[in-house]
Amino acid sequence: MSHGLLHGKRGIIFGALNEMSIAWQVALQAHAQGAKFTLTNAPIAMRMGEINGLAELTGSQVISADATKVDELENLITQSMEILGGKLDFILHSIGMSPNVRKGKHYTITDYNYYSQTMDVSAISLHKTLATAYKLDALNEWSSVVALTYIAAQRIFPDYNDMADAKSLLESITRSFGYHYGLRNKVRVNTISQSPTVTTAGQGIKGFDGFIKFAEQMSPLGNASAIDCANYCVVMFSDLTRYVTMQNLFHDGGFSNVGVTQQVVDMFEEL
Ligand SMILES: NC(=O)c1ccc[n+]([C@@H]2O[C@H](COP(=O)([O-])OP(=O)(O)OC[C@H]3O[C@@H](n4cnc5c(N)ncnc54)[C@H](O)[C@@H]3O)[C@@H](O)[C@H]2O)c1
């Protein structure tokens, strides 16, 4: 249902790989709410070509950028302002990748080259994006930057591996840059901490299927879907949340505040 919440707003959406991607759903919902935006992803992801279908659906242009490369981010942000006809009002950072997870390297014997890549792609890319926008003065007052994160930043989920460290850093960058950008331009920066969701990145985590069922049983509302996450992002991009900044916002059906649920206790009673 459209309320025109993002009517007249311009943005950049990172990370739509395929229909399962959370960013894909954000693009659809932002479009439905009247936003104009460019879509971007790493060159390797662009080669899969699915993003072009999303571009057609949303009337968007696609600009390739590796989010770890500042020159590519500069090009992306400059081109986006040209295409969209002015400074930006929102950015979605929906990027995560760990070579250690991909190669099945246990946390205790991490490969430090991979570890650095995990940090660079999954966390420092947010700093680089914000720093580039800051340098180019690319964001309007009261604009909103949202990055997606996971509760493993605060609590141990063993198979999340070094992504947990990356998410902690991502959330810290959100607070630090949120302070500086808020002070200078009233730009808001927040993370949304989403339920486990079946996507390409999500499925890379060992034991993900069992874990997603566990999280479902541990959340009074059940796991939040990608579409619901997209709706929350839209609200965060809108003018209805102008004084929310430097926050980590849980979007998890209540999971983060649950010690145990009756369903889980009952399962153990049956053992
Ligand atoms: N799926 C989940 O269970 C879940 C839960 C909480 C948070 N998140 C977070 O949501 C975000 C989106 O993940 P998703 O689940 O939609 O999976 P996804 O695999 O669809 O999205 C991850 C995206 O990161 C992009 N990416 C990787 N390296 C990049 C680079 N160098 N430059 C630019 N883009 C790059 C990928 O191409 C991909 O589009 C991630 O930050 C992820 O950690 C996911």
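Please go through region 1-16 and pick out each residue that is surrounded by 19 or more Cβ atoms within 10 Å (Cβ to Cβ) and either in contact with a Pro (Cβ under 7 Å, 6 or more places away or on another chain) or more than 15 Å from L148 (Cα to Cα) (or both). If you could, list the steps in order and put the result at the bottom.
Restricting attention to region 1-16, the residues satisfying the condition of being surrounded by 19 or more Cβ atoms within 10 Å (Cβ to Cβ) are 5-6, 9-16.
Result: L5, L6, K9, R10, G11.
For the structure I just gave you, tell me whether I83 is surrounded by fewer than 17 Cβ atoms within 10 Å (Cβ to Cβ), among the β-branched types (V, I, T) and either touching a strand residue (DSSP E or B) at 6+ places or on another chain (Cβ under 9 Å) or within 26 Å of V235 (Cα to Cα) (or both).
Numbers: surrounded by fewer than 17 Cβ atoms within 10 Å (Cβ to Cβ): yes; among the β-branched types (V, I, T): yes; either touching a strand residue (DSSP E or B) at 6+ places or on another chain (Cβ under 9 Å) or within 26 Å of V235 (Cα to Cα) (or both): yes.
Spelling it out, I83 is indeed surrounded by fewer than 17 Cβ atoms within 10 Å (Cβ to Cβ), among the β-branched types (V, I, T) and either touching a strand residue (DSSP E or B) at 6+ places or on another chain (Cβ under 9 Å) or within 26 Å of V235 (Cα to Cα) (or both).
Which condition from (1) without any contact (Cβ under 8 Å) to a residue 60 or more places away in the chain; (2) over 14 Å from C233 (Cβ atoms) is the one that A67 breaks?
(1)
Considering each of G8, G96 in turn, give the residue that is within 14 Å of the ligand (Cβ to nearest atom), touching a Lys or Arg at 6+ places or on another chain (Cβ under 9 Å) and in contact (Cβ under 8 Å) with a residue 12 or more places away in the chain.
Details: G8 fails: within 14 Å of the ligand (Cβ to nearest atom).
Exactly one of G8, G96 is within 14 Å of the ligand (Cβ to nearest atom), touching a Lys or Arg at 6+ places or on another chain (Cβ under 9 Å) and in contact (Cβ under 8 Å) with a residue 12 or more places away in the chain, namely G96.
Within region 167-179, does at least one residue satisfy the condition of being at negative phi and near the ligand (Cβ under 9 Å from one of its atoms)?
Yes: one or more hits.
Can you list the helices (runs of 4 or more DSSP H) found entirely within region 23-85 that contain at least 1 residues being more than 11 Å from the ligand (Cβ to nearest atom)?
On the way: elements: 43-46, 51-58, 70-84.
Qualifying helices (runs of 4 or more DSSP H): 51-58, 70-84.
When region 19-43 is examined, which residues are found to be over 20 Å from L76 (Cα atoms) and of a type outside the set (S, T, Y)?
Applying the first criterion (over 20 Å from L76 (Cα atoms)) to region 19-43 yields 19-22, 25, 28-29, 32-34.
Within region 19-43, E19, M20, I22, Q25, L28, Q29, A32, Q33, G34 qualify.
Only one of (1) within 13 Å of the ligand (Cβ to nearest atom); (2) at pLDDT 95 or above; (3) of a type in the set (S, T, N, Q) is not met by N185, so which one is it?
(1)
Only residues that are more than 12 Å from the ligand (Cβ to nearest atom) and surrounded by 16 or more Cβ atoms within 10 Å (Cβ to Cβ): list them for region 188-213, please. Break it down into steps so the answer makes sense when it comes.
Keep residues of region 188-213 that are more than 12 Å from the ligand (Cβ to nearest atom), which gives 188-190, 206-207, 210, 213.
Matches in region 188-213: R188, V189, N190.
The values are calculated or read from the model by the stated rules, or taken from the named source; none is laboratory data. Only a predicted model underlies this, so the values are computations on that prediction, with no experimental measurement involved. Neighbour counts run over all protein chains shown; Cβ positions are idealised from the backbone, glycine included.
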